Amino acid sequence: MGIIDLQDHKKLEILRSQIDGFKVADVMNTEYPTLSPDDRVRDILSQMKATGFQDIPIMENGEFVGMVSYGTLLKKKGVTGDSKIRGLMAGSSTVAPDDTLMDAAEKMVVSNSRQMAVVTGSGKKKLAGIISRGDIVGVVSKLKTINEIAVWEIMTAPAESVRESDTMADAIELMRSLDIRTVPVLSPDGDVKGMVGMHEVIDNNWTAGYRSLSDMGDQVKIQVGSVCTNHAVTVPWDTDIESVAELMLEHKISTVPVMENGELKGVVTQYDILEVVAACREREMLFVQLSGLSDSDKEYTDQIYADIQSEITKISKVGRPSSLTLHYGKYNDNGGRQKYSVTARLALDSDVFTAKEVGWDMVKVSSDLMKKITSAVMDRKDAKDTFRKRKK
């Protein structure tokens, strides 16, 4: 939901006042699975299938030490069923029982977490519970103001999708590259046939006989249409968010395709709803973080920050940016030269924009990446303006 006029600001202020009274402790789960660092990947998969949790907390000597998620398994292409969890744990954000739902939503958005650990103690972290996206969506679905926000205001557009004839390898690669876990499946005519997600990937592709996720033989050649869900819950573009949240809870789903005249226009997810909640949190300035830089790279940060400032000035004319992260990675190309791979994530009002750029010159790559983000913001504004005119 782009903050474009006083009415939208007023919506956020009212929504903020309604959400502000809820604490993490009010909605967190106190029954949850746990594993230890010495358990195996096959144990993770067994727990995920049995409980429905996509992020499993890891405990060692009574202390919370990290999380393991479906996404981690997909990104670690060399992982096997016998691999120990210790090498797959990711340092994860946590929340405290007294944190507000706005705090929890923002941390989930920034870390792209499905479930987050609720911990107590400043030294040894004691696990008090787990809070999920669905827990927050459940609260939001009961707030009166949320029914004044339409799907088109917060949906991700255009929607990424796969065809029935695409392979599971295609679906896996799309989910890996976009860091998402569910995509619509389209028929040859462009109709939404169903959905394919992480559950289908794991259930249909992983067996104890495979050495790694990237070495699954003929299984990755299976067509998506043969394993996807046979029905997708869809909504028209002008549906209110309260109705969408209720559908998500009723059908236990996290992603809903958005349609107009039978055509896929976007998707709305629990993540998108969390962005609305996170947008309610009052901020005084833009938070910028550059990660992955070596000491030798840091001499270029002044120019990078100058390019960031230039693009943020343009972006601020159409929205209110709250956080921007750029992560730098390096790898050697075939010729032996070092190449930069940079990803960016911008939180703007209740939207999040991501982009990636690769090149030899770190400063130029950073500049081109920020221009790509700016272009995406402007395209999104134009798309929203189009839907706004249709609404009138």
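The values are calculated or read from the model by the stated rules, or taken from the named source; none is laboratory data. Everything numeric in this text was worked out from a predicted model, so none of it was measured. Quick reminder, even Gly has a Cβ in these numbers, built from the backbone with ideal geometry, and neighbours come from all protein chains shown. These area figures cover heavy atoms from the full protein model, side chains too; ligands, DNA and RNA do not enter into them. Shrake-Rupley method; radii C 1.70, N 1.55, O 1.52, S 1.80 Å.
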Looking at the structure I just gave you, is Ile130 open to solvent by less than 50 Å² (accessible area, probe 1.4 Å) and in a strand (DSSP E or B)? yes
State the number of residues belonging to region 26-67 that are touching a residue at least 24 places away in the same chain (Cβ under 8 Å), open to solvent by 50 Å² or more (accessible area, probe 1.4 Å) and aliphatic (A, V, I, L, M). 1
Look at Val118 and say whether it is at pLDDT 85 or above and out of contact with any strand residue (DSSP E or B) (no Cβ under 7 Å at 6 or more places or on another chain). no
What number of residues within region 240-265 are assigned to a strand (DSSP E or B) and surrounded by fewer than 22 Cβ atoms within 10 Å (Cβ to Cβ)? 6
All-but-one check, Val342 against (1) at pLDDT below 85; (2) outside any helix (DSSP H, G or I), failing number (1)
Using beta carbons and a limit of 8 Å, which pairs, at least six apart or on different chains, have the first residue in region 138-157 and assigned to a loop (DSSP other than H, G, I, E, B) and the second one modelled with pLDDT of 80 or more and among the acidic types (Asp, Glu)? Ser141/Glu242; Ser141/Glu246; Leu143/Glu242; Ile149/Asp240; Met155/Asp272
Residues satisfying the stated conditions in region 358-386, i.e. open to solvent by less than 50 Å² (accessible area, probe 1.4 Å) and either farther than 20 Å from Lys317 by Cβ or not in a helix (DSSP H, G or I) (or both): Gly359, Met362, Val363, Val365, Ser366, Asp368
Pull up region 218-236, narrow it to residues that are modelled with pLDDT of 90 or more and either assigned to a loop (DSSP other than H, G, I, E, B) or open to solvent by 30 Å² or more (accessible area, probe 1.4 Å) (or both), then point me to the one that is farthest from Phe53 (Cα to Cα). Pro236
Basic (Lys, Arg), over 20 Å from Val267 (Cβ atoms) and either open to solvent by 20 Å² or more (accessible area, probe 1.4 Å) or at pLDDT below 90 (or both), is that true of Lys144? yes
Boolean, Ala279 is open to solvent by less than 30 Å² (accessible area, probe 1.4 Å) and at pLDDT below 75: yes
Among the residues of region 56-66, are any within 22 Å of the chain's Cα centre (by Cα) and either at pLDDT below 80 or closer than 30 Å to Gly319 by Cβ (or both)? no
